[in-house]
Structure formats: structure tokens, C-alpha cells
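Chemist: Here you go, one structure.
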Amino acid sequence: VVERGTQVEWLLLAGESGFDMRGQKTLRALVQSMKAAGIVPGVLGAAETDCGDVARRLGDEAGYQRLASQLIATLWTHRTANIVTADPHLLHALRNEYPLIDKAWAQRLAEGRTRVWHHTELLADLLERKALQPALRANTPATTVTLHDPCYLGRYNGQVEAPRRALKAIGIEVVEMERHGMNARCCGGGGGAPTTDIPGKRRIPDIRMDDARATGAEILAVACPQCTAMLEGVVGKRPEVLDVAELVARAVEARA
């Protein structure tokens, strides 16, 4: 946990994963892989506050402005070169929304003094540079994996390749759902939907899980804590839901 005013090379922001035991498993897997690549990230601990995304989506603009200003002020006390998060909603706030309310933050990002990474971007980079070494899978049975693209990573930020690159680097070829990439179906967890009543005969995550079942995959890879929560909440026979970070950590651990 970094002290106020301390500069670190890598700062890990927990986002919504920090409030949820299931999300914390993803964060531990991410940290495990980062350490295996020689990166020891700092965390804000209790100083990390909510980014305000859900407040804004539900129409509480004043609440969003307050929360955003609070987190920006905290980040200014650390001046880190790299921020990584496993939460695409936080990623979107840092990259696209905070620059609109803090010109100095916008300039810092534009000049490259701070870079904001989604965790799949970092994992793909570490694997492709061989800084992170997965186990060889020649003698292990193949597991069929499909990938759900988070809305805030894909459609909002145009990043659909990083999760696939990370999975490919550990020997996984993704079996694509009919709706994937920029055309992926939502998990039902965005825009504050889990806290509101959405009319309809079926829940959005149930519909999305049908897409995954149709591939015959044994594992549904995800890259967002909200997607994890929504898709793991689907009952009945379904693929196992695992974050890309968990799959990478398993591959790295198998080598060790």
C-alpha cells in the first residue's frame, strides 16, 4: 500500500473488484502474474474511492462529479507512470471522462506521463515480450474457451484484441460466439442495470449465456468484474466463468 505522496512505477486500481470477494480472486491472479514478470504494483488501499461510473449512469451527475474529483485528487498525490485496472468501467472513466473535467489530467495522459492499462493489455504485452512465461501445453488436453467482450472495453474503448492476444499467448484459441468483438452482446451489468428493474421476459445474462453455450465451450473467459458477477449468476449447466487473468495465472503457475 503506497503512502500519500509516494511515486510508484505501477499502480493497481482495484475498481469494483475491490468490493467483491469474487473480484478479489481476479486481482490476486493479476498480481501473481505481474510479480512473475518482475512487476510489484502499488495499491491505494483504503485511499481508493469509487470512480463514480454507476452514479453517472443512473443520473446522479453531482455524485459523479464529487467522486471523480475525489479520486483524481488522490491520483495526483502519486504521479505514477502506469495505472492498471481489471475494471473496464474505471478504465473508461480514467481515459475518457476524467480528462473532460480535469485539463491537467488530460494533458498528463496526452503527453504519456501516465499510461492507463486494462489488465488484458498488460498481460498480452508481458506474454508477447516473453517477460511472462506460460507452461508448455503440448501434453495437456485442450480446453475449449469462448470469450465475452466487456462493453466498456470493446464498444466504449475499441479494445477487442488484447484479451484474445493474451489467451493466444498461453496456447488458447478462442471459439467465438456469434456476437463477439465490437458486436458483442452485453452481460446485463452495465449502466447501473443491476440496481434497476429492466422489463423483459428473460435476463440479459441468461441470453448471453445461451450464446456461450451454443459454442460448446467449457470455459467462458471474461475481463470485467461486472461481467463475471452477471454471468456467474446464471443458473443451470453452463461453462465455467474465469477472468483472463485467472487463465494466465494458471498457465504461469503450471510452468513454475
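Chemist: Looking only at the range 205-256, count every residue that is polar (S, T, N, Q) and in contact with a Ser or Thr (Cβ under 9 Å, 6 or more places away or on another chain) and tell me the total. Steps first, please.
Modeler: If we filter the range 205-256 for residues that are polar (S, T, N, Q), which is where we start, we get 215, 226, 228.
Next, from what is left, pick out any that are in contact with a Ser or Thr (Cβ under 9 Å, 6 or more places away or on another chain): 215, 228.
Residues in the range 205-256 being polar (S, T, N, Q) and in contact with a Ser or Thr (Cβ under 9 Å, 6 or more places away or on another chain): 2 in total.
Chemist: Let me spell it out: the conditions are (1) within 18 Å of the chain's Cα centre (by Cα); (2) in a loop (DSSP other than H, G, I, E, B), and MET230 meets all of them except one. Which number is the exception?
Modeler: (2)
Chemist: Which residue, of ARG208, ARG185, is within 24 Å of VAL248 (Cβ to Cβ) and not hydroxyl-bearing (Ser, Thr, Tyr)? Steps first, please.
Modeler: Numbers: ARG185 fails: within 24 Å of VAL248 (Cβ to Cβ).
None of the others qualify; the one that does is ARG208.
Chemist: Do any helices (runs of 4 or more DSSP H) lying entirely in the range 104-217 carry at least 2 residues that are open to solvent by less than 30 Å² (accessible area, probe 1.4 Å) and under 24 Å from MET34 (Cβ atoms), and which ones are they?
Modeler: Working: elements: 119-128, 161-169, 204-215.
Ranges flagged: 119-128, 161-169.
Residue-wise test of (1) closer than 20 Å to PRO225 by Cα; (2) open to solvent by 40 Å² or more (accessible area, probe 1.4 Å).
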residue	(1), (2)
VAL1	no, yes
GLY5	no, yes
ARG28	yes, yes
ALA37	no, no
ALA46	yes, yes
ALA73	no, yes
VAL84	yes, no
ARG95	yes, yes
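Chemist: Kindly provide the set of residues from the range 11-26 that are surrounded by fewer than 17 Cβ atoms within 10 Å (Cβ to Cβ) and hydrophobic (A, V, I, L, M, F, W, C), ordered by number.
Modeler: PHE19, MET21
Chemist: Confirm whether VAL244 is at pLDDT 95 or above, farther than 18 Å from GLY154 by Cβ, open to solvent by less than 10 Å² (accessible area, probe 1.4 Å) and under 19 Å from the mean Cα position of the chain (by Cα).
Modeler: Values: at pLDDT 95 or above: yes; farther than 18 Å from GLY154 by Cβ: no; open to solvent by less than 10 Å² (accessible area, probe 1.4 Å): yes; under 19 Å from the mean Cα position of the chain (by Cα): yes.
Answer is no for this residue.
Chemist: Given the residues THR74, THR120, which is the only one that is β-branched (Val, Ile, Thr) and out of contact with any Leu (no Cβ under 7 Å at 6 or more places or on another chain)?
Modeler: Values: THR74 fails: out of contact with any Leu (no Cβ under 7 Å at 6 or more places or on another chain).
The conditions single out THR120.
Chemist: Is there any pair with a first residue in the range 39-62 that is on the phi > 0 side of the Ramachandran plot and a second that is open to solvent by 40 Å² or more (accessible area, probe 1.4 Å) and outside any helix (DSSP H, G or I) whose Cβ atoms are under 6 Å apart and which are 6 or more apart or on different chains, and what are they?
Modeler: As it stands, the answer is GLY45/VAL1, since those pairs meet every condition given.
Chemist: What is the one condition in (1) in a helix (DSSP H, G or I); (2) under 21 Å from ASP243 (Cβ atoms); (3) open to solvent by 10 Å² or more (accessible area, probe 1.4 Å) that GLN65 does not satisfy?
Modeler: Status for GLN65: all satisfied but (2).
Chemist: In the range 48-62, how many residues are under 17 Å from VAL1 (Cβ atoms) and surrounded by 15 or more Cβ atoms within 10 Å (Cβ to Cβ)? Talk me through it step by step, then tell me what you get.
Modeler: Initial filter on the range 48-62 (under 17 Å from VAL1 (Cβ atoms)): 48-49.
With the extra rule that they be surrounded by 15 or more Cβ atoms within 10 Å (Cβ to Cβ), the set shrinks to 48.
Looking only at that region, the number is 1.
The values are calculated or read from the model by the stated rules, or taken from the named source; none is laboratory data. Keep in mind that this is a model prediction, so the values were computed, not measured. In this analysis, Cβ positions are derived from the backbone assuming ideal geometry, glycine residues included, and neighbour counts consider all displayed protein chains. In case anyone asks, the SASA skips ligands and DNA or RNA and just uses the protein heavy atoms, side chains included. Shrake-Rupley method; radii C 1.70, N 1.55, O 1.52, S 1.80 Å.
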